[in-house]
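> What follows is a structure written as structure tokens; I'll ask about it next.
The values are calculated or read from the model by the stated rules, or taken from the named source; none is laboratory data. Owing to the predicted nature of the structure, the values given are computational and were not obtained by experimental measurement. Please note: Cβ atoms are built from the backbone with ideal geometry, for glycine as well, and neighbour counts cover all protein chains shown.
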Amino acid sequence: MNPGMDADIFDAFMEQLHRYVRERLIPAEDQLETLGRVPDDILAEMKDMGLFGVTMPEAYGGAGMNISQYIAFVQAIGYAAPAYRSILSINIGMVCKAIVGSGTEAQKAHWLPKLAGGAIAAFGLTEPDSGSDSAAMKTRAVRDGNGYVLNGTKRYITNAPFADVILVMARTNAEALPKNGHVSAFLVPRDTPGVTIGSPDAKMGQAGSQIADVILEDVHVDGDALLGGEEGIGFRAAMQSLDNGRLSVAGASVGYAQRMLDCGLQYALERKAFGEPIANFQLIQAMLADSKAEIYAAECMLRDACARADRGEKIIIEAAATKMFASEMCGRVADRVVQIHGGAGYLKEYLAERFYRDCRIYRIYEGTTQIQQLVIAKNMLREAAA
């Protein structure tokens, strides 16, 4: 059982975080949209508050949160614009997990304090022709003396334009091996010669979060860049990190859905039609009630999956199911909130329009809904055959 942070300290931290989200992050959302990134002063504050290291072990300068505490943190941050969570979550939910779970002691000592202090990480798995299909991965890592030379392109990489380090998945064997043993992981500083970052992609929503291609051309890394000092464990590390990533997306979905519902409820109380607030109309109430029930259901799934993870249980099915349900739920809440606003919900001057665009990616992040369905079913069949 992972006890995480002291309960009293965690409660005090969360109280401060809720205030920070409402008093600082939400008021800065328009600036974030205009800049296309998290404002520098906000980013500096987040680093000073230790938000980049909440899951790092205390021995490496972090706060040592367990999974349940981390997802509560994500849910709180997720109430504000998604870009705030996005810049943090790759560090604390994915790259940190990979290094803590699979890294060498030297890698932990070198990278975890840097990441806890605010160095920004990116997670390089997806490629132009492959995402969840590791057999189609084309990025290669070829031995060169005591190190490796990497060549390939990674696509849709969050934080790539300003990352300090990229965890790159690459083939170390030309053949597809059992259990994805042909995939290894490498910790590659962004300023390594041969690493090029493409222009940030223009997106439907989440203007403050930047994604871009990562191009690797004859990138030489030393042998100590190989995660765990062992070939063939990259995909396993990635999948273990994805369990955390999927819970993070689920937590963000719940947090943002609550923000949307609060906005929809406030609008329904203020907007009048036929001489009374539209909140008095039963079909408006039905949309509010359905949204509340679904948010509650997703919260319950999150608590259960996180508790299982903290007990050391494998949560492949639970993480996939929670991410699938919560992200789909978030989309339904967004749709209802636009509907509650009526024509106003289609206008940029109302938050409902931004909400609708921002949350659409949650059904795609860390594996689409359809990938989650395959993960759930495949593991159900595997368990049934055991």
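> Within region 327-386, track down each residue that is of a type in the set (Val, Ile, Thr), modelled with pLDDT of 95 or more and surrounded by fewer than 18 Cβ atoms within 10 Å (Cβ to Cβ).
Thr369, Ile376
> Take the conditions at pLDDT below 95 and either out of contact with any helix residue (DSSP H, G or I) (no Cβ under 9 Å at 6 or more places or on another chain) or closer than 26 Å to Glu313 by Cα (or both) and apply them to Glu23. Does it pass?
In short, no.
> If His18 satisfies all but one of (1) within 20 Å of the chain's Cα centre (by Cα); (2) surrounded by 14 or more Cβ atoms within 10 Å (Cβ to Cβ), what's the number of the condition it fails?
(2)
> One residue is enough: does region 176-198 have a residue meeting the conditions under 30 Å from Phe355 (Cα atoms), modelled with pLDDT under 95 and among the aliphatic types (A, V, I, L, M)?
No, the conditions are met nowhere in region 176-198.
> Residues that are under 25 Å from Arg363 (Cα atoms) and polar (S, T, N, Q), at least 1 per element: which strands (runs of 3 or more DSSP E) completely within region 165-209 meet that?
Answer list for region 165-209: none.
> Determine whether region 98-119 contains at least one residue that is in contact with a helix residue (DSSP H, G or I) (Cβ under 6 Å, 6 or more places away or on another chain) and at positive phi.
yes
> Applying the selection to region 61-82, what residues are over 10 Å from Tyr256 (Cβ atoms) and among the aromatic types (Phe, Trp, Tyr)?
Answer for region 61-82, where residues must be over 10 Å from Tyr256 (Cβ atoms) and among the aromatic types (Phe, Trp, Tyr): Tyr70, Phe73.
> Could you tell me how many of the residues in region 227-249 are surrounded by fewer than 24 Cβ atoms within 10 Å (Cβ to Cβ), modelled with pLDDT of 85 or more and aliphatic (A, V, I, L, M)?
1
> Would you pick out the residues in region 276-335 that are out of contact with any Leu (no Cβ under 9 Å at 6 or more places or on another chain), in a loop (DSSP other than H, G, I, E, B) and either in contact (Cβ under 8 Å) with a residue 24 or more places away in the chain or over 20 Å from Thr55 (Cβ atoms) (or both)?
Phe281, Arg311, Gly312
> Scan Gly264, Gly194, Gly245 and give me the residue that is small (Gly, Ala, Ser), touching a residue at least 12 places away in the same chain (Cβ under 8 Å) and farther than 23 Å from Thr158 by Cβ.
That would be Gly264, the only listed residue that is small (Gly, Ala, Ser), touching a residue at least 12 places away in the same chain (Cβ under 8 Å) and farther than 23 Å from Thr158 by Cβ.
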